[in-house]
Amino acid sequence: MVKSRLHHYQNWIFDWSGTLVDDLAMVLDATNHVLRIYGKDEIEREDFRMSFRLPYAGYYEEILPGVPLDELEDHFREGFAKSEASGVTSPLLPYALDFLESLQSKDKRIFILSSMDAGAFDRHAVELGIDHFFEATYAGILDKRNQIHLMLEKHALDASNTVFLGDMCHDVETAKHGGVASIALLTGYQNAEQLGAASPDLLVEDLSVIHPWLEAPTSKNNS
Ligand SMILES: [Mg+2]
């Protein structure tokens, strides 16, 4: 994928955490709530960013071996709600709203594919006023690689006309698995070195970098 082709893509699938919203503070609070329940030391923000990975089942098996995933997820939800109740917020990332509005104005189809708890996602998307952008949303997905094929099939999405945007290696791997283009963003949990190792089609600082490329090039040489 080259930037001059970007405006051709009709189907835009977004990850949620670290791609459209900055929810690291709440996710870290929720993770530390889980760790405390099992008598483990809390994890610092940067250590969490360096070590957290998707699918999160593997991450939790490493730090809390043998604890059933549904039990962990229940505690995670409690911790997330507690963080929210204490006043911690998960704001939209800069440029996210402008980007979604541009896509909508160009009649692009927009989807969500996220591992975030489905209840928390539904609530936040409404609170942030952006739920209306999405044709369909898939949240609480443990392994996105399995889900992307189901999405392409269910919504009749042509893979060659579809792009997946995310902030983690698992997002890039998911895009490759589905045969769709991948854009990795440095607005979330993983850094340039980590994401670069997954070889995304594009690796950019944030959505403002690719926003201008949604417009068809005006020069004949670029088309
Ligand atoms: Mg993410």
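Every number here is computed from the coordinates shown, using simple stated rules; none is lab data. Owing to the predicted nature of the structure, the values given are computational and were not obtained by experimental measurement. Because the Cβ atoms are built from the backbone with ideal geometry, glycine has one as well, and the counts that use them run over all protein chains shown.
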message = Apply the Karplus curve 6.51 cos²θ - 1.76 cosθ + 1.60, θ = phi - 60°, to the phi angles in region 90-96 and return the couplings in whole Hz, x for Gly and Pro.
response = 10, x, 4, 6, x, 6, 5
Sparse-neighbourhood loop sites, chymotrypsin sites (Phe, Trp or Tyr not before Pro) in region 1-74 - DSSP loop, at most 16 other Cβ within 10 angstrom = Tyr38
ask   = Remind me, relative contact order of region 24-85 in percent, using alpha carbon pairs under 8 angstrom and six or more residues apart?
value = 57 percent
remark   = Listed by chain and number, the residues whose amide H is under 5 Å from that of Gln190, excluding neighbours fewer than 5 places away on the same chain and using placed H, are none
request  = In whole Hz, with x marking every Gly and Pro, tabulate ³J(HN,Hα) for region 41-47 from phi via Karplus 6.51 cos²θ - 1.76 cosθ + 1.60, θ = phi - 60°.
outcome  = 5, 5, 10, 7, 3, 6, 5
query = Mind listing the phi-derived Karplus ³J(HN,Hα) values for region 4-13, rounded to whole Hz, using 6.51, -1.76 and 1.60 with θ = phi - 60°, and x for any glycine or proline?
reply = 5, 9, 4, 5, 6, 5, 8, 10, 10, 9
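Calculated from DSSP H runs of 4 or more alone, at -39500 (n - 2.57) each and per residue, what is the 222 nm mean residue ellipticity of the chain, nearest 500? Please report the intermediate quantities before stating the final value.
Working: 10 runs with 97 residues, N = 223.
Mean residue ellipticity, 222 nm, calculated: -12500 deg cm²/dmol.
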request  = Set the Förster radius R0 to 35 Å, insert the Cβ-Cβ distance between Glu62 and Leu92 as r into 1/(1 + (r/R0)^6), and round the FRET efficiency to 0.05.
outcome  = 0.65
